[in-house]
Each structure stands twice: as C-alpha cells, then as structure tokens.
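Here is the structure we will look at.
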Amino acid sequence: MNWRMIPTLPLLLLLSALDRGCAQVTPPRGCGSNLLAVYYNLCDLDNVWGIVLEAVAAVGIISTLILIVVLLGITPFITDRRKKACVPVQCIFLLGTLGIFGLTFAFIIKLDQKTCYTRVFLWGVLFAICFSCLLAHVWRLLRLVRSGKGPQVCHMLLLVLSLALVQVIIAIEYLVLTSVRFGNLCVYNPRDFTMLLIYVLFLMALTFILSMFTFCGQYRKWKKHGAHIFITMLFSIAIWVVWIVMLVRGNVELNKSPQWDDPTLSIALVSNGWVFIIFYIIPEFRHITCPAKPEDEPAENATPYHQHLGAKGVDNQVFFLEESRDHVNLDNNVPSPRNSNHFPMDNHYVAPQEFSIPRPQTRPNYYPTPLLQDPYLVHQNRQTTF
C-alpha cells in the first residue's frame, strides 16, 4: 500500500458518500419516502397540478357511476319507446366517459413502459367509443325529425361497435410496429400521438356536421336532442384544437416541452369528460323522462290530409266525405261538407227528400194544375180519392 495515498482516503470516502446521496431521489413535500418516483405528481404539494386534476377526475368518476345507476333505474319509467331505444347507446357512452376520467391518472403518473401502452391505446379507443355513440344518436335523430321513426337498437349498437373497432385496429397496429422497431419499447412523440388520432378527428367532424341537419324536420321535439349533441361537439372540437396546438407547437416554442406535455393532456381529458356530462348526459336525462307534448310534433298515427286526397282531387274527396257522413247529416240535420266554404261547391244544396210508401190522407179536392203534373203527387191524389 502506498503511504502517500493515506491522506487522500477520507476525501475519497466523502466524495463517494456524496455521490450516493445525490443518486437517491428526495421525495417532494407531501409524498412518503417509500413511494415510487413515478407517483410523485399525485401527492406533490409543491407542484399541485397533479393533485388538482386528480381530484377533478375522481369527482368525474363518482358522478359518472351515479349517472349510470340513475339511467338504469329510470329506464323502466320511460314511457316513450323511441326515447328508451337510445338508452343502451347512452350506457356505452357513459362507460366511455368513465374510462376517460380514469385515463387521466395515466397522464398524471410519470411516463414509463407501463403507462405508455395505456396512454397510446386507450386515448383513441375511449374517445372513438364516445364519438361513435354520439354519431349513432345523430343518425337516429336524422330519421326521427323527418319521419318520426328511428332505426332499431341492434343497428345502433352495431354501428357503435363497428366505428370503435376501427380505432382499436389502428392503435394495435401502431403498438406492434413501434415495438418491433424499437425492441419491445413503447416510444412516441407528440406528432406521432396526434397522427394516431386522425380517425377520431374524422368521427368528431362527421358528428358535428350531421348534428346541424337535425334542426331540419317536422318533428320538433327531437331537435332538442340534436342541439345537445351540437353543443357537445362544438366544445369538444375547441378543446381538441387547443391541446393539439399546445402539444405540437405551443410547449415547444415556450421551451416547456416535455414538462407541460402531461399536464396539457390531463387537462384535455378532464375537460372533455365534463363537457360530455354537462352538455349531453344531464340534458338528455331531463328530456327522456319528460312526457311528450302534443304540440311538439304532429300526430304520428294520423295520415296527412294530402295522402287522403291523393289522385282523387278535391271534388272526389267531397263525395267520399258525403257518403261516409250521410246518416249523420240526415238524422241530425247537420250541414253537409258541400256547404263548407273550403270547397268550390254550390252553397244552395238541399238535402234529398225521403221517400216512403204513400199513405191515405185527407186532403182538399182542389189540386192546382201545376201539382198534378208531378207523377208522384198524381199517384198520391188518386190514393186519397179512393
């Protein structure tokens, strides 16, 4: 052993102790010493954005669960079958909203290999489920506002599953390709994450455009449901435009990427989830439980007047009504529809005279000449003379 190195041993031991102390991560204020570093955003009191979003997402989860129970409870009391037919789609929509609030925690927790797959796969799939439900509801409303009859429940469910399955396939293909390329590692950047959601953006745009056509139609009460979807999609598009711009350009230009990437995505999830509840689910609960008003829409079982007329014309329709109401007009002396000013007929219509078997009557022997010219009166006169 070199005796010249003995004075430097305490310094080396001190430096090695400092290195070990620096390697250990000090837990922030509010977090326990045994907590893993990836969960620090859930309890860091010095960086409260995680705690705030965690609380808002938890309230959203509880509210969504309550709404699911309420929807299932009021379903037997919905009198209108056409409103009840949309309940299964709305249940799927609430399940998708519940998943969106739950996904917020995956973005509050720091990125690792476990949360990476959850983020990449579930973001697009959950939003595809929600927007597919809204699109199926819009399709139903487009038929209800025009004919008063909508598609069957099985057709709506098939549409929702088909549209959501497309995003599932896209997400699986992306994860498989990136895993093969980077050696079973989940890696993504903001631009790739945005490009992965192009199909969801297409569903949003299609639902928003079709929701505007629900305002046209003779069955007015269904337009309220179309207004709910229109407002929901308007706010959702605004939220998506903001978070995409911030994620792709804003955070980079402000030199806050990647520090602000997770808060941006978390805020977008929580905001969009509450938009679904406030502007779509709660108003829908109010309208599906209200009884239908007669003045909101024309009678659904009544045949329109122009279909009665058809190729018969106005005159033929008058005779048709006269034949069906002859016995009422004759017994109660009610004027015939021919006397109505709505039809171009003669107003001097006289009800037909009833003929019966002639009876002997005592009448004077004087008969004016004009009366004898009537064969019926001549026959009546002959009977009375005998």
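Evaluate the Kirkwood expression for the hydrodynamic radius of region 242-287, namely the inverse of the mean inverse distance over all pairs of different C-alpha atoms, and round to one decimal in Å.
This gives a value of 11.9 Å.
Using packing as a proxy for protection, rank 127-134, 175-182 so that the peptide with the highest average count of other Cβ atoms within 10 Å comes first.
127-134, 175-182
Order 79-87, 206-214 from most to least packed using the mean count of other Cβ atoms within 10 Å.
Highest mean packing first, the order is 206-214, 79-87.
Since every read-out is calculated from the coordinates, none of them should be taken as a lab result. Only a predicted model underlies this, so the values are computations on that prediction, with no experimental measurement involved. Positions of Cβ are backbone-derived with ideal geometry, glycine not excepted, and every protein chain shown enters the neighbour counts.
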